[in-house]
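Worksheet: the structure to be examined is printed underneath.
The values are calculated or read from the model by the stated rules, or taken from the named source; none is laboratory data. Model, not experiment: these values are computed from the prediction. Positions of Cβ are backbone-derived with ideal geometry, glycine not excepted, and every protein chain shown enters the neighbour counts.
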Amino acid sequence: MRFECPIFVAAEVLDRAGVIPKKDEEKVPEGKVDESRLAVFRDLFNSLDLPDLPGEPGSRGQGSSSS
């Protein structure tokens, strides 16, 4: 999944564990996504039984408008 949000990390961490992508890896292929190839991930994601998180829409925790 891509969220296009910043990831903050100390410069020392990047120096030690960072990876510089190769030129051919920088380009994201444009075009139509093959939905059948993504079905396995969609099924896995939809089958997860995660606890409700407080403040999430529809959760039973704090910050929810439904009780």
When segment 33-49 is examined, which residues are found to be modelled with pLDDT of 80 or more and assigned to a loop (DSSP other than H, G, I, E, B)?
D34, L48, D49
Which numbered condition S59 misses (of (1) surrounded by fewer than 10 Cβ atoms within 10 Å (Cβ to Cβ); (2) of a type in the set (S, T, N, Q); (3) modelled with pLDDT under 85):
(1)
